[in-house]
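Take a look at the structure set out below.
FYI, it's all coordinate maths here, none of it is from the lab. Remember, it's a predicted structure, so these values are computed and weren't measured experimentally. So basically every Cβ, Gly included, is an ideal-geometry build from the backbone, and we count neighbours across all protein chains shown.
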């Protein structure tokens, strides 16, 4: 009887010899999965929506640099006013739990699983503008004024009634 068990065991081992390397890889994978992992403390909860870092002065300078390239515009200064500063909305996970007949809504910010605790961004809302004032050396020319209004409208999303183009003194 012991001879029959040894024979079947040796035939099974011979059949498994073909799959030796894949079995080793699977066993190593199982061992790695079973190893304990160090759990990091979660970062403090971020607000669901927070202001973006929008640089209005930098945006005005970039717009003025573009407008200076308009034929006949000359020296240009730009001032933008903001309706709102925009915001970043982070991905959240909401869960409702019921305790003793009362329900409790629990909202958590979802963080990426990398080495750095960074919140997952759901949506970024760009700032919206209220109006723009453009002061230009060439604003005495109607065509230049029209070109400046069109450029500002295109770049900011403002309508022409919210853009004022004035002639620069001197």
Would you mind ranking 87, 154, 122 by Cβ crowding within 10 Å, fewest neighbours first?
154, 122, 87
To make sure I understand, if each residue's beta carbon is the centre and we count other beta carbons within 10 Å, what order do 26, 152 fall in, fewest to most?
26, 152
Which of 161, 84, 147 has the fewest other C-beta atoms within 10 Å, and how do the rest follow up to the most?
161, 84, 147
